[in-house]
């Protein structure tokens, strides 16, 4: 199942890693292990934030995915199940059924 992770690190942690010259290499190491489909960097609320799209086959993978961000970056991590347009198309009949039953 495809998930989008929102990874947000505290400013102080990011600054300390940037001063040491290890922010980029730390992120690269984690991302190489995850092999994500896509990664986007931005800021949210003044904090360094990454959106990472990856495929997860079992929820038991959550700790292996989240812990490197917790430990290395002191980051908060959110997991959000996401769909491609083709996934949404497949879901059409169940959406219509729910609309008829509950609408």
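Quick note: the coordinates plus some simple rules give every number you see, no bench work behind them. Computed from a predicted model, the values in this text were never measured in an experiment. Every residue, glycine among them, receives a Cβ derived from its backbone with ideal geometry; neighbour counts consider all protein chains shown.
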Going through segment 60-83 one residue at a time, which ones are more than 12 Å from the chain's Cα centre (by Cα) and more than 18 Å from residue 35 (Cβ to Cβ)?
-> 70, 71, 73, 74, 83
By my count, helices (runs of 4 or more DSSP H) wholly in segment 1-76 with at least 2 residues that are under 30 Å from residue 87 (Cβ atoms) and out of contact with any helix residue (DSSP H, G or I) (no Cβ under 9 Å at 6 or more places or on another chain) are 23-34, 62-73
